[in-house]
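Read the structure below first, then the notes.
The values are calculated or read from the model by the stated rules, or taken from the named source; none is laboratory data. This one's a predicted model, so the numbers in the text were calculated from it and none came from an experiment. Neighbour counts run over all protein chains shown; Cβ positions are idealised from the backbone, glycine included. Just so you know, the surface numbers come from the protein's heavy atoms only, side chains and all, with ligands and any DNA or RNA stripped out. Shrake-Rupley method; radii C 1.70, N 1.55, O 1.52, S 1.80 Å.
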Amino acid sequence: MTIRLYNTMSRKLEEFKPLLPNHVGFYSCGPTVYWDQHIGNMRSFVNSDILKRMFIENGYDVKHVMNITDVGHLTSDEDSGEDKMEKGAARENKSAWDIAKMYTDSFIRDITSLNIIKPTFMPHATDYIPEQIEQIKKLEKLGYTYEIPGDGIYYDTSKFADYGALGGQNLSELRGGLRVDDNGKKNPTDFALWKFSPTDKKRAMEWESPWGVGFPGWHIECSAMSMKLLGPHFDIHVGGQEHIKVHHSDEIAQSEPIVGKPWVNYWVHYEWLLSKDGKMSKSSGDFLTVQDLIERGYDPMAFRYLLLLGHYHQPLDFSFEALDAATNGYKSIIRKVADLITSKGSEHVNDAVYDEWHNKILDTVSDNLKTAEALVYIQELLKDNKVNAATKLKLFEFIDRLLGLQFVNRAQKLLDIESVEAPEEIKKLAEERVKAKAEKNWELADKIRLEIDSAGWNVVDTKDGPKIIKKMA
RNA sequence: GGCUCGGUGGCAGAGUGGUUAUGCAGAGGACUGCAAAUCCUUGUAUGCCGGUUCGAUUCCGACCCGGGCCUCCA
């Protein structure tokens, strides 16, 4: 199957060629664990999950690294702003380490409820301080660094000719605005590799280094951990589009002098989930989490379904209206899959038909993750009466592996609920209703139905008589 | 200001140089005493103006509008 991905570096759709046959290594920027991740953040993790599943279904051995940023970087490259970890700690009256643990746990809970496959490695930045220091030492030896006394060790972007290539800017454009910053940076694009701890107070997280006690700059962890776990040259680096101009450009600037060029073959960037007021933002503190959706009675899988209706490289508008629509669509598919399970009987899977649909769907998702089109195929598949139930069901098992929407799982659960026997008193009521119906006493029959309904059961009249079905929670 | 991505029916959102997916919602019908589920049918859209073309929603240009990045941010 041909795999194609949009590479930010070339700004083109490119055919994917792995460094090692049937292996792919990719790195995705993970969360900074100082607060809950909102549903906009989740979009990117779902995107990475689809990317991974697509490779797996294409027979690749996937090595996926996602960092957990648990070290408090400053809120800018300057020596201003607050440390986010310490800010979170102050907000909740806990230590920075406790905050990191707490939000790492809630993050894992959220990605689990979205059926996201756990990354092969989820390294914590604080576990890789020696590696980060090692890299800074190398950059220092190569002449890319300078010190701002009392501030930190900085990377001199003017020494790196390709700086800004990822963001489509060249150095001269950037240097056009060259000025000496208040804190002594040589170029506006220069960034901290190592920050010194303030002399007047002790930081919650700080480490010894050849340059003095302090903490790493906010780009170096990704370079250190990706190289350590994926090797000096790997296939794919993904992230949100806001990282293109700063974080990823700086990662490249740090890494390529150390490992040579190219460092990463494909750069993939995700677009935003938008709310009515624009980009979802954590800054206001007013944002939705997966837990919020669950509390409002939504199925996280319906949210995942909503995300897959769009394309990762396109902004997607989130609204509860859209989520309701996705929920209805998702449930409707589950109902149909449940019907496949009950109607399949002893049918045999038609391998030729299976292959045809399997290839069509995998091909589509392999083409730059066109999940929306794959979902169209699902609708067509359900409607196609030339495909028997057993074959359809096997295809849904494949679709579940590829898209992670748990159709078969949910369908089986639905059937399990429907097969729960009603308690005696409900059965009795149902019998009374049958009598009322026989006497054409519709008023009474409807009254009894309401009674059964408020007890948590539905009466459905079928040609074999009434069925009593437990209502979904 | 620089860079960038868009503007498709009520909502979400695809593809395509020539009959404009799909889902949800809506309408009508079948089934049902009524419901639910299911099935069938169905209406409604390509920001504006030029250009290329036999033909453009699709390609090109201008314009209008909107989102985003350029501090931290998926």
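Rounding to the nearest 10 and keeping the result within 0 to 90°, find how far the Cα-based axis of helix A:220-230 lies from the longest principal axis of chain A.
Tilt relative to chain A: about 60 degrees.
Provide the per-residue ³J(HN,Hα) series for the stretch A:352-369, in order, calculated from phi with Karplus coefficients 6.51, -1.76, 1.60 and θ = phi - 60°, each as a whole number of Hz, with x at glycine and proline positions.
These are the phi-based 3J(HN,Hα) values: 5, 5, 4, 4, 4, 6, 4, 5, 4, 6, 5, 4, 5, 6, 5, 8, 6, 6 Hz.
Report ³J(HN,Hα) in whole Hz for each residue of the stretch A:377-389, in order, from the Karplus equation J = 6.51 cos²θ - 1.76 cosθ + 1.60 where θ = phi - 60°; Gly and Pro get x.
Per-residue couplings from phi come out as 4, 4, 4, 5, 4, 4, 7, 6, 7, 8, 9, 6, 4 Hz.
Can you tell me how the stretch A:298-418 classifies by the Cα gyration tensor, rounded, prolate or oblate, using a/c under 1.5 as the rounded cut? Provide the component values of the computation, followed by the final result.
Numbers: a/c = 2.42, a/b = 1.28, b/c = 1.90.
Since a/c reaches 1.5 but b/c is at least a/b, the shape of the stretch A:298-418 is classed as oblate.
Can you check what the net charge comes to around A:Ala326, using other residues whose Cβ is under 11 Å from the Cβ of A:Ala326 (Lys, Arg +1; Asp, Glu -1)?
Working: positive: A:Arg304, A:Lys331; negative: A:Asp299, A:Glu321, A:Asp324.
Computed value for this residue: -1.
Pop out the carbon and sulfur fraction of the accessible area of the stretch A:298-418 as a percent, whole number, probe 1.4 Å. Numbers along the way, then the final one.
Details: 2610 of 5250 Å².
It is 50 percent, rounded to a whole number.
What is the sum of charges, Lys and Arg at +1 and Asp and Glu at -1, for the other residues whose Cβ falls under 12 Å from the Cβ of A:Glu347?
+3
How big is the accessible area of A:Ser113 in square angstrom, nearest 10, if you roll a 1.4 angstrom probe over the protein chains?
Roll a 1.4 Å probe over it and A:Ser113 shows about 30 Å².
How would A:Met280, A:Met42 line up by accessible area, probe 1.4 Å, largest first?
Result of the area sort, largest leading: A:Met280, A:Met42.
Run the 1.4 Å probe and let me know the accessible area of A:Val420, rounded to the nearest 10 Å².
60
Which distance in Å, rounded to a whole number, links the C-alpha centroids of the stretch A:25-64 and the stretch A:151-170?
So the separation of the two Cα centres works out to 27 Å.
Could you order A:Lys63, A:Lys447, A:Lys52 so the one with the most accessible surface comes first? Probe is 1.4 Å.
I get A:Lys447, A:Lys63, A:Lys52, largest accessible area first.
Does the stretch A:4-278 come out rounded, prolate or oblate, given a ≥ b ≥ c as the square roots of the eigenvalues of its C-alpha gyration tensor, rounded meaning a/c under 1.5 and, failing that, prolate meaning a/b above b/c?
oblate
What FRET efficiency comes out for the pair A:Gln291/A:Glu439, r = Cβ-Cβ distance, R0 = 45 Å, nearest 0.05?
The computed FRET efficiency comes out at 0.35.
Around A:Trp194, which amide H atoms from residues at least 5 apart in sequence, or from another chain, sit under 5 Å from its own amide H, with H modelled in the peptide plane?
It is A:Ile153, A:Gly217, by chain and number.
Between 0 and 90 degrees, rounded to the nearest ten: what's the tilt of helix A:424-438 against the longest Cα principal axis of chain A?
50
Exposed loop GluC sites (Glu not before Pro) only (DSSP loop, at most 14 other Cβ atoms within 10 Å): please give the longest stretch of chain A free of them, not including the sites. If you can, show how the numbers build up before the last one.
Numbers: sites that count: A:Glu78, A:Glu82, A:Glu208, A:Glu347, A:Glu421, A:Glu439.
Longest run free of exposed loop sites: A:209-346.
Could you check the simple spin-label distance between A:Ile417 and A:Phe121, using points 7 Å along Cα→Cβ, in nm with one decimal?
4.2
Given H placed on each backbone N at 1.01 Å, which residues far from A:His23 in sequence or on other chains put an amide H within less than 5 Å of it?
Residues meeting the criterion, in which the H sits 1.01 Å from N, are A:Asp61.
From the Cα gyration tensor of chain A, with a ≥ b ≥ c the square roots of its eigenvalues, which class applies: rounded if a/c is under 1.5, or else prolate if a/b is larger than b/c, or else oblate? Present the calculation step by step, with values, prior to reporting the outcome.
Values: a/c = 3.03, a/b = 1.93, b/c = 1.57.
Taking the square roots of the gyration eigenvalues as a ≥ b ≥ c, chain A is prolate.
Would you calculate, for chain A, the mean residue ellipticity at 222 nm contributed by helices, counting each DSSP H stretch of 4 or more residues as -39,500 (n - 2.57) and dividing by all residues, to the nearest 500?
Rounded to the nearest 500, the figure is -14000 deg cm²/dmol.
Accessible area of A:Lys195, 1.4 Å probe, to the nearest 10 Å²?
10
Gap in Å between the Cα centre of the stretch A:84-117 and the Cα centre of the stretch A:398-423?
So the two Cα centres are separated by 31 Å.
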